Structures are given as structure tokens and as C-alpha cells.
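Presented below is the structure to which this report refers.
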Amino acid sequence: MKRTLVMSDIHGELDKMEQLLAKANYHADKDQLILLGDYVDRGPNSKGVIAKVKELTQAGAIALKGNHEDMMIKALTIANKFWMGRWMRNNAPTTLRLYGLELPLTEEEAFQQVIRPEPGSNEPPKILPKKDAPGIKLELPAQLLEDIRFLEQLPLYYETEEYIFIHAGVHPDKSLDEMDEQEMLWIREEFHNGYAGEKTVIFGHTSTNYLHADGSTDVYFGKNKIIGIDGGCVYGGKLHCLELPSRKVYTI
């Protein structure tokens with residue numbers, strides 16, 4: 001039986017991610033690794049973390065989408081004021097600078113995206129203008145386009161007979177099929193306080209110092225079968241790796 005290892009909310013902390021995988025003695029041929037999203041923004045090397053996640057999935061890991069990946073995708077493909085503004089408020093520049101891009105930092109400033117076709121394609125570039133304000137022209141580099149395509153196809157949850165793995169949580173009054181994408185990526189208190197399902201939910205998104213009464217950044221084992229593993233690493237907390245079924249925790 002394979003050991004399952006679960007990590008979440010890496011937020012550009014590539015060095016710590018690699019240290020934690022080594023500390024947990026992760027081997028792709030022996031272990032099932034599950035990543036719960038939020039690979040980008042805030043930390044020093046989001047681009048490197050995406051590359052590492054690609055490498056890990058090719059070796060058999062399961063990577064889920066987080067709300068920061070969703071913001072990044074929508075900001076760079078829908079390219080409207082709402083999504084660009086939301087991503088900017090969540091530290092988008094730290095990610096974009098790794099691709100050699102600088103963007104306006106205010107929600108009011110416009111955005112016009114030029115998407116170049118695949119090499120060798122006869123299709124013209126796709127231009128997604130911002131209609132309600134003057135725009136700036138931003139040409140996305142090939143590596144960023146490739147990374148967006150990878151992040152777009154990531155699933156929102158993974159389910160086994162005993163567990164639900166998801167970025168933010170599960171609505172207490174809905175099945176997974178009934179939940180919408182934004183609930184899976186953003187839900188907080190309603191899930192934390194109201195979940196009463198039979199399966200244990202392993203989630204990230206909410207730093208555990210908000211879940212523990214004493215403000216601890218340790219893994220949160222809730223009485224209602226929820227386990228929060230986001231230790232707020234990028235804020236000076238901890239990066240956790242939860243081992244299942246033992247519930248042993250490895251921490252950097």
C-alpha cells in the first residue's frame with residue numbers, strides 16, 4: 001500500500017518545498033504525493049515551483065488548482081478589471097517579475113493582452129482588449145503561456161474512499177457535484193464550522209493560525225473530520241507535509 005503525502009500553499013517557496021520532500025523521504029515509485037494548490041505569488045520563486053509541480057506530476061503526483069492559480073489564469077486570459085484587480089491585490093507582481101513582466105499595480109489601470117500563437121502556427125495573435133478604459137499592451141512570453149496552459153487543466157479536487165482533497169474546503173450543504181469552482185477555491189468559515197460529512201477533508205487555503213485557538217501554525221485536526229495543512233509558510237510560518245494514513249507531520 002502506497003503512503004500518501006499531502007502538501008499545500010507553497011507560494012513560491014521552492015527551496016522549502018524541496019527540503020520538505022527530502023525530509024519526508026518522498027519517492028515517486030513508493031508514495032502518492034498530492035498537492036493542494038497555491039503554488040504561486042508572494043514567495044520568491046513561483047516560476048520554479050510551477051516547474052517543480054510539472055516535474056512531480058509527470059512522475060505520478062496529483063496536483064490540484066488553488067485560488068491563486070485561478071486568479072493568475074483569469075487575469076491573464078480574461079484580462080478584465082475584476083480579475084486583474086483581484087490578482088494584483090494578492091501579490092501578482094512577485095510572480096510576473098519572474099517572467100520579466102511589470103504591470104500597473106492599481107485596479108483602475110487598464111490591461112490589454114496579446115496572446116501569441118504556437119510556434120509554426122498560421123493563426124494571428126489574439127488580442128483581448130479592455131473595453132472600459134485605455135489599455136497597455138502586454139505580450140506574454142512563451143514560458144508563461146505554457147505555464148498557464150498547465151495550470152488551467154489542474155483538477156479542483158481529488159476523492160478516495162476515505163478522504164476528500166481540496167484547496168479551500170467543502171460546502172456543508174452541498175455535494176461536490178453541486179459546488180461551484182469559486183466555492184472550492186475560496187470557502188472558509190462556513191466549511192470550517194459546518195462540515196459534517198463522513199469523509200475526512202484535507203485542505204489548505206486558510207492558514208492554521210486562524211483555526212487554532214492559540215494561533216498555532218501546526219496542522220489543524222478538526223473534530224468534524226477536517227484537517228488543515230496550510231501553516232502560513234510564506235508569512236513566516238511553517239510548510240507542512242501530512243502523511244496518510246499515519247497522520248504523521250513533516251515540517252520545515
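The values are calculated or read from the model by the stated rules, or taken from the named source; none is laboratory data. None of the values given here were measured: they were computed from a predicted structure. Note: ideal-geometry Cβ built from the backbone for every residue, glycine included; neighbour counts use all protein chains shown. In case anyone asks, the SASA skips ligands and DNA or RNA and just uses the protein heavy atoms, side chains included. Shrake-Rupley method; radii C 1.70, N 1.55, O 1.52, S 1.80 Å.
Pairs exceeding 27 Å between alpha-carbon atoms, taken from Lys23/Lys74; Lys30/Lys65; Lys52/Lys174; Lys65/Lys248: Lys23/Lys74; Lys52/Lys174. Electrostatic bookkeeping for Arg3 treats Lys and Arg as +1 and Asp and Glu as -1; over the other residues with beta carbon under 13 Å from its beta carbon, the sum is +1.
Projecting label points 7 angstrom from Cα along Cα→Cβ for Lys23 and Asp180 puts them 3.9 nm apart.
Leaving ligands and nucleic acids out of the surface, order His171, His27 by accessible area at 1.4 Å, largest first.
Details: His171 20, His27 80 Å².
Ranking His171, His27 by accessible area, largest first, yields His27, His171.
Determine which aspartates and glutamates satisfy two conditions relative to Lys47: a Cα distance under 17 Å, and not lying fewer than 8 residues away in the same chain. Here the aspartates and glutamates satisfying the reach criterion relative to Lys47 are Asp9, Glu13, Asp15, Glu18, Asp38, Glu55, Glu69, Asp70, Glu102, Glu146, Asp147, Glu152.
Please build a GNM for the chain, connecting alpha carbons under 10 Å apart, and tell me which residue among Pro124, Pro155, Pro141 fluctuates the most. Evaluated over the chain, the most mobile residue of the options is Pro124. Looking only at the chain, where both bridge partners belong to it, what percent of the DSSP beta bridges are antiparallel (to the nearest 5)? Beta bridges within the chain, antiparallel portion: roughly 45 percent.
Cβ-Cβ distance of Asp173 and Ser216, R₀ of 30 Å, FRET efficiency by 1/(1 + (r/R0)^6): the value works out to about 0.55.
Quick check: residue separation of Arg188 and Lys223 times 0.36 nm, minus the Cα distance between them. What number comes out in nm? Contour length minus the Cα-Cα distance gives 11.0 nm.
The distance separating the Cα centre of the stretch 208-252 from that of the stretch 156-192 comes to 18 Å. In this rough spin-label picture, where each label sits 7 Å from Cα along the Cβ direction, the Arg247-Ser121 distance is 4.9 nm. The order of the peptides 241-248, 209-216 by mean Cβ neighbours within 10 Å, most packed first, is 241-248, 209-216. The length gained on full extension between Arg97 and Tyr235, counted as 0.36 nm times the residue separation minus their Cα-Cα distance, comes to 47.7 nm. How many nm separate the modelled label positions at Glu161 and Thr57, each set 7 Å beyond the Cα in the direction of the Cβ? So the label points at Glu161 and Thr57 sit 2.8 nm apart.
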